[in-house]
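A.B. asks: Right, I'll just put the structure down here and ask away after.
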Amino acid sequence: MQRLDHTSSTPSSIAIRHDNTPQNHNVWHYHEELEFIYIKQGKGTFFVGDCIQQFADNFIVLIGSKTPHYWLFDEEYMKIDSPNVASIHAVHFKPDFIGSDFLGLPEAVTVKQVYRLAKRAILFPPDDAYLIHFFENLSTQMPTKRLIMLLDILDYTATLHTPTTLVSANYTTPQQQGDYLRMNKILDYIRLHYKAKIHLDEIAHIAGMTSNSFCRYFKQRTGKTLIEFVNELRIGHACKLLSEGNAPIKEICFECGFHNFVSFHKIFKSIAGSTPSAYREAIQ
């Protein structure tokens, strides 16, 4: 897992970025800063803590300090000269972005509550016009106005009655900093091979570990076993295929890496909450 630093190289306590290069986000990492991100255009799979979440246009999430995450954009957004172009607005800021004494103030109680909740990744409604206005106008403001706007958004977040969080409450963030290359090798291998059979001994070899050590390591880093992780990724891809076309369900089953239709049906229902056919009907 790689530790990144977004604010130390800028003269501002808030780092603002708008880019069209999803490759920049395709790495398992964490950072001291909180990350407020708005995927205006783009589709793919979002890994955060022990959660695997599909995302599409207008995806907005606040990720807490040191919470590990990884963005896997669909292939059509990764290709050069593709007609599908990603649009990503990202805002990074440290917990004490307004001063070292800020979090000790009585007025900061609600902000600290938001920070604690953000460690589980707060997901916002995709049609939240107030948040979209914040992302699209923050970079045009003077520095003091940016601080005010960010404080206002944090206060707005604190007023949400039932915020949606993605990471489970019992997930523990790994503290090790030196193994990001290993974890990214593992995720790259899974990304390239999840549609086929993944062999435990092969992926353990890539990680430079025995099979037993790898299983313990992977569960500690992701909160899931390898098969749970791969199955969620496969079902996420199946959901995408079911919603975007009319291919036969059995064909989708094999396309996603399952070799048994009964098993696919059972796992799909346990993860998606419905059968593949019911999911397609609901989407359509």
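A.B. asks: Please go through segment 67-78 and pick out each residue that is part of a strand (DSSP E or B) and of a type in the set (A, V, I, L, M, F, W, C).
C.D. replies: Answer for segment 67-78, where residues must be part of a strand (DSSP E or B) and of a type in the set (A, V, I, L, M, F, W, C): Trp71, Leu72, Phe73.
A.B. asks: Restricting attention to segment 270-284, which residues are out of contact with any helix residue (DSSP H, G or I) (no Cβ under 8 Å at 6 or more places or on another chain) and closer than 21 Å to Lys197 by Cα?
C.D. replies: Ser270
A.B. asks: Scan segment 1-23 residue by residue and report those that are at pLDDT below 70 and open to solvent by 60 Å² or more (accessible area, probe 1.4 Å).
C.D. replies: Hits for segment 1-23 are Arg3, Asp5, Ser8, Ser9, Pro11.
A.B. asks: Are there any pairs with C-beta distances below 6 angstrom linking a residue in segment 125-137 that is in contact (Cβ under 8 Å) with a residue 12 or more places away in the chain to a residue that is outside any helix (DSSP H, G or I) and surrounded by 13 or more Cβ atoms within 10 Å (Cβ to Cβ), with the two at least 6 apart or on different chains, and if so which?
C.D. replies: As it stands, the answer is Pro126/Asn58; Leu131/Ile60; Leu131/Phe124; Phe135/Tyr38; Phe135/His89, since those pairs meet every condition given.
A.B. asks: One residue is enough: does segment 64-78 have a residue meeting the conditions open to solvent by less than 30 Å² (accessible area, probe 1.4 Å) and of a type in the set (A, V, I, L, M)?
C.D. replies: The answer is yes, given that some residue of segment 64-78 is open to solvent by less than 30 Å² (accessible area, probe 1.4 Å) and of a type in the set (A, V, I, L, M).
A.B. asks: Within segment 205-223, which residues are outside any helix (DSSP H, G or I) and surrounded by fewer than 17 Cβ atoms within 10 Å (Cβ to Cβ)?
C.D. replies: Within segment 205-223, Gly208, Thr210 qualify.
A.B. asks: Inside segment 237-277, can you point out the residues that are under 24 Å from the mean Cα position of the chain (by Cα) and exposed (fewer than 11 other Cβ atoms within 10 Å of the Cβ)?
C.D. replies: Residues satisfying the conditions are Glu244, Ser270, Gly273.
A.B. asks: Could you check segment 79-98 and list, in sequence order, the residues that are surrounded by 11 or more Cβ atoms within 10 Å (Cβ to Cβ), of a type outside the set (Phe, Trp, Tyr) and part of a loop (DSSP other than H, G, I, E, B)? Show your work before the answer.
C.D. replies: Step one: of segment 79-98, the residues surrounded by 11 or more Cβ atoms within 10 Å (Cβ to Cβ) are 82, 84-98.
Checking the rest, the ones that are also of a type outside the set (Phe, Trp, Tyr) come to 82, 84-92, 94-96, 98.
Those that are surrounded by 11 or more Cβ atoms within 10 Å (Cβ to Cβ), of a type outside the set (Phe, Trp, Tyr) and part of a loop (DSSP other than H, G, I, E, B): Ser82, Asn84, Val85, Ala86, Lys94, Pro95, Asp96, Ile98.
A.B. asks: If you don't mind, there's one more thing I want to ask. Under 6 Å between Cβ atoms, which residue pairs at least 6 apart in sequence (or on different chains) link something in segment 30-51 that is part of a strand (DSSP E or B) with a partner that is of a type in the set (Ser, Thr, Tyr)?
C.D. replies: Leu34/Ser65; Lys40/Ser87; Gln41/Ser87; Phe47/Tyr70
One line per residue, one yes/no per condition, for (1) of a type in the set (A, V, I, L, M); (2) more than 17 Å from Leu72 (Cα to Cα); (3) touching a Pro at 6+ places or on another chain (Cβ under 8 Å):
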position	(1), (2), (3)
Thr165	no, yes, no
Asn170	no, yes, no
Asp179	no, yes, no
Ile186	yes, no, no
Ile190	yes, no, no
His193	no, no, no
Ile198	yes, yes, no
Phe214	no, yes, no
Ile227	yes, yes, no
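The values are calculated or read from the model by the stated rules, or taken from the named source; none is laboratory data. The structure presented is a predicted model; accordingly, all values stated were derived computationally and were not measured. We place every Cβ from the backbone using ideal geometry, glycine too, and count neighbours over all the protein chains shown. The area values use the complete protein model at the heavy-atom level, side chains included, leaving out ligands, DNA and RNA. Shrake-Rupley method; radii C 1.70, N 1.55, O 1.52, S 1.80 Å.
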